[in-house]
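To keep things clear, I will list the structure first and then write my remarks on it.
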Amino acid sequence: MDDYPYGADTYSHSDLFAGIPRERHADIFGRGHHRLVASGTTLFRESGQALMVYFVEKRRLKLSKVHEEGKEAIIRYINPGEITAAVAVFSGKSYPVTAVAVGPTKVIGWNREAILDLMSDQPSLAINLLHVVVQRLDDIQNRYLEQRAERIEQRIGRALLRLVKQSGRKMNRQDPD
């Protein structure tokens, strides 16, 4: 896979590119701005003008929001193959969260015009992006319901399962001889 410059493994596992021929990936990523974000560096800030949609190629971003009392709430992690800030960019609003690199993180960003052009050229990209947005909305609704209806023990259990699902990695287990 060394001849594939855009990390074929990351892209082939991303729901964002389902149904898009691999040979189109180079064009899609070639139209983006590639950036390596140093560990702990802020990619964008809550309330800043939303200018770019970002795809995480390597490592991850931590999305957080600061409560009026000054406490940080982690909203989610954006893992390789995932996208962030699309809704804010499309709506012309501010970023609703702050994104910080967890480890040296490679991202690809597109401004509003570029991502709209790409979605016109590749309708599957638009459909896949809509699917991602709907999944995130479902996640928010489920979390709200958890907060309103479940006991603390259930909420903690669900939060742990969500973290494992979102951030865990499958490991090959070796049986001891």
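Of everything listed in (1) touching a Leu at 6+ places or on another chain (Cβ under 9 Å); (2) more than 20 Å from residue 19 (Cβ to Cβ); (3) aliphatic (A, V, I, L, M), the single unmet condition for residue 115 is (2). Within the range 73-120, the residues that satisfy the criterion of being of a type in the set (Lys, Arg) and under 16 Å from residue 34 (Cα atoms) are 106, 112. Exactly one residue out of 102, 89 is in contact (Cβ under 8 Å) with a residue 24 or more places away in the chain, in a strand (DSSP E or B) and β-branched (Val, Ile, Thr), and it is 102.
For the range 1-41, a tally of residues being of a type outside the set (Asp, Glu) and modelled with pLDDT under 85 returns 11. If you check 153, 146 for being part of a helix (DSSP H, G or I), charged (D, E, K, R) and surrounded by 14 or more Cβ atoms within 10 Å (Cβ to Cβ), only one passes: 146.
Against the list (1) at pLDDT below 95; (2) surrounded by 13 or more Cβ atoms within 10 Å (Cβ to Cβ); (3) on the phi < 0 side of the Ramachandran plot, the condition residue 44 fails is (1).
Considering only residues that are small (Gly, Ala, Ser), outside any loop (DSSP other than H, G, I, E, B) and more than 14 Å from the chain's Cα centre (by Cα), which ones fall in the range 68-86? Selection gives 73 alone.
The values are calculated or read from the model by the stated rules, or taken from the named source; none is laboratory data. The structure displayed is predicted, hence computed values, not measured ones. Here Cβ is always computed from backbone atoms with ideal geometry, including for glycine, and neighbour counts include all displayed protein chains.
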